[in-house]
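Down below is the structure, laid out as structure tokens.
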Amino acid sequence: MAQFEEVSQKSAIHPKPVGLVLQYGTAGFRTNSKQLDHVMFRMGLLATLRSKKTKATIGVMVTASHNPEEDNGVKLVDPMGEMVTPAWEVYATQLANAEQEELLTALKDVIEREAISMAQEASVFVGKDTRPSSDSLSQAVLDGVHALGGHSKDYGLVTTPQLHYMVCCQNTQGRYGEATVKGYYRKLSQAFIQLTKNVPNRTDDQKALLVDGANGIGALKVCEMETYLKNELQLSLFNDGSSGKLNHLCGADYVKVQQRAPKGVEMTAGERCCSYDGDADRIVYYYSGSAGRFHLLDGDKIATLISTYLKELLTQAGLDLQIAVVQTAYANGSSTQYLEDTMKVIVRCTKTGVKHLHHAAQEFDIGVYFEANGHGTVLFSKAAEKKIQKLAQDSNTNAERRRAALLLQNTVNLINQTVGDAISDMLLIEAVLAIRGMTVQQWDAIYTDLPNRQLKVKVADRRVIDTTDAERRTVSPAGLQEAIDSLVKKYRQARSFVRPSGTEDVVRVYAEADTQESADALAHEVSLAVY
Ligand code: 16G
Ligand code: ZN
């Protein structure tokens, strides 16, 4: 077939290094950018097949998120803007690892197994982050799409969540919004302005926010968006990419793991600051307290703020909708306790990785999900959205209920439900703080984090560690869990777990306890037990 000849010819321009083996991990392929050209071409092929199979537009994002600038990566986006379904992650790995002469066989194998009609049209949206390697790598993706006769739209530089949003808009015929970057800015900014316009006496201080753009795509995009916000938010942007290196000593991952302010951000006491990661799908907040102490507000604090706000609005609106918060094992024990015991919301724990949280959140009327590292969003079921909309439009409803319903409706519009989105989350947090008249310190004081420590351990083969119970317990190697249990018993309010990383060749250790010294000691002792 002519189509396959084209694939053969073009793949020769994107040859696979012999013997190189890569794995579609938690968030796609990720490694040094020099090893990825053939993977990109092949993901262009696979996205085209996925598009034919689903008869919908598929997304391909070229990014390595918070990883160093020299790395790159690629993730596939399914029709509703969600991460690609796990069965196709397996195909992605097979296709990426097929040696040059096996590529057509591997491709035909997918076509056969999925009974794909090659006559079906295909459409693929492509986006990329600001890494120097992203230009040529996204071109390789496009080459792959075209080699199989697919149509493409190249969005160029966009954040990961913007690309997810475009795919969802396209496949819902505009019901979710317009599939353009401007359409995204308009939808989010209008919702933000609607939410904040009736907040009395917002001072300039309350509108001011320091943003660390991690020297990445988020910095560029939040700048573009600023004019749409009509001064309702006054951003001071640091690490905007004009001089610093991507993710280097800055960005959400650095701030969360190091528990310190990023380089280059000049913050004065009490000022609200936030950091995005390299592709702007994560956000964390922080401020400098009295005596210059650094205070971090991570994904758990964000989930608490948002779920508290939503629960209050539901009560005011008199809407009987079930709200749940989805976390991972990394969620600080204090946050879980506060949500369950004080807030009385349902809390679920899933394995690490956005797709797991997203999936669990879909089971509720309203599912708020956040990883402690700042990746998260809120999902509303279709039925919940309808109820909210109906009440917001019901002129017979009393004023208080209607006001709450209108706030809920604008909140729905402000949220990017396809995936965690630093810009959308930032606007939501800013709106919630404004509406509730809260300072960052008051938000921080909702509960006090238990001191905690994360460590990485290099082992010969991390796959010998097998976990259960949403990664909170190990089942192998034999004896490890018992060892952890007995170490944990030595400390107060203590908890610890280990899990193999899905993105690096290491085992991760997490420990929390009543004091920082205890958390540090426990993490250290557990890491010794892992060897
Ligand atoms: C990826 C995941 C992130 C997760 C992290 C864990 C997505 C989009 N990203 O970055 O959610 O927290 O991996 O990494 O799913 P680890 O397995 O190395 O700890
Ligand atoms: Zn990211």
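All of the numbers you see were taken from the coordinates with simple rules; none came from a lab. In this text, all values refer to a predicted model and were calculated from it rather than measured experimentally. Every residue, glycine among them, receives a Cβ derived from its backbone with ideal geometry; neighbour counts consider all protein chains shown.
Annotation: amide H-H contacts under 5 Å for SER236 (H modelled 1.01 Å from N, sequence separation of 5 or more, or interchain): LEU209, LEU210, VAL211.
Please say if segment 183-297 is rounded, prolate or oblate, where rounded means a/c under 1.5 for a ≥ b ≥ c the square roots of the C-alpha gyration tensor eigenvalues, and otherwise the choice is prolate for a/b larger than b/c and oblate otherwise? Don't jump to the answer; show the numbers that get you there.
Values: a/c = 2.16, a/b = 1.26, b/c = 1.70.
Verdict is oblate for segment 183-297.
Listed values for segment 172-184 are Karplus-derived 3J(HN,Hα) couplings in whole Hz (6.51 cos²θ - 1.76 cosθ + 1.60, θ = phi - 60°), namely 10, 6, x, 5, 7, x, 8, 7, 9, 5, 5, x, 4, and x replaces Gly and Pro.
Residues whose amide H lies under 5 Å from that of ARG348, counting only those 5 or more places away or on a different chain, are VAL325, VAL326, GLN327; hydrogens are built 1.01 Å from N in the peptide plane. Phi-derived couplings, Karplus 6.51 cos²θ - 1.76 cosθ + 1.60 at θ = phi - 60°, listed residue by residue for segment 355-369: 4, 5, 5, 4, 4, 5, 5, 5, 7, 10, 4, 10, x, 9, 10 Hz, with x used for Gly and Pro. Segment 142-182 and segment 418-458 have Cα centres lying 30 Å from one another. Straight Cα distances below 21 angstrom link LYS263 to the lysines LYS221, LYS245, with same-chain residues fewer than 8 positions distant left out.
Computed from backbone phi with θ = phi - 60° and the Karplus coefficients 6.51, -1.76 and 1.60, the 3J(HN,Hα) list for segment 384-390 is 5, 4, 5, 4, 5, 4, 4 Hz; x is used for glycine and proline.
Straight-line reach from LYS197: taking Cα to Cα under 16 Å and skipping same-chain neighbours fewer than 8 places apart, the lysines in range are LYS187, LYS207, LYS230.
What is the diffusion coefficient of segment 299-421 in µm²/s, taking the Kirkwood radius over Cα pairs and the Stokes-Einstein relation at 4 °C with a viscosity of 1.567 mPa s? Please list the in-between numbers first.
On the way: Rh = 14.4 Å.
Approximately 90 µm²/s, per Stokes-Einstein.
For segment 105-255, averaging the sequence separation of C-alpha pairs within contact (under 8 Å, six or more residues apart) and dividing by the residue count gives a relative contact order of 19 percent. The antiparallel fraction among DSSP beta bridges confined to segment 183-297 stands at about 50%.
Rounded, prolate or oblate: which one fits segment 452-530, using the alpha carbon gyration tensor with axes a ≥ b ≥ c (rounded when a/c is under 1.5, else prolate when a/b beats b/c, else oblate)?
Numbers: a/c = 1.93, a/b = 1.48, b/c = 1.30.
It comes out prolate by the Cα gyration axes.
Report summary: the helix-based calculation at 222 nm, which adds -39500 (n - 2.57) for every DSSP H run with n ≥ 4 and divides by the residues of the chain, gives -12500 deg cm²/dmol. Under 26 Å of direct C-alpha separation, and excluding same-chain neighbours fewer than eight residues apart, LYS52 reaches these lysines: LYS10, LYS16, LYS75, LYS108, LYS128, LYS153, LYS355. Annotation: amide H of HIS375 within the under-5 Å range of ILE283, sequence separation 5 or more or interchain, hydrogens built in the peptide plane.
Can you quote the Å³ per residue value for the convex hull of the Cα atoms in the chain, rounded to an integer? Intermediate values should be presented prior to the final figure.
Details: hull volume 76.5 nm³, N = 531.
Dividing the Cα hull volume of the chain by its residue count gives 144 Å³.
Rounded if a/c is under 1.5, else prolate if a/b beats b/c, else oblate: with a ≥ b ≥ c from the C-alpha gyration tensor eigenvalues square-rooted, which is segment 14-168? All intermediate terms of the calculation are to be shown ahead of the outcome.
Numbers: a/c = 1.59, a/b = 1.11, b/c = 1.43.
Judged from the Cα gyration tensor, segment 14-168 comes out oblate (a/c at least 1.5, b/c at or above a/b).
Dipole magnitude for the chain: computed about the Cα centre from +1 point charges on Lys and Arg Cβ and -1 point charges on Asp and Glu Cβ, it is near 940 debye. Of the trypsin sites (Lys or Arg not before Pro) found in segment 454-531, those that fall in a DSSP loop while having at most 11 other beta-carbon atoms within 10 Å are LYS458, LYS489, ARG492.
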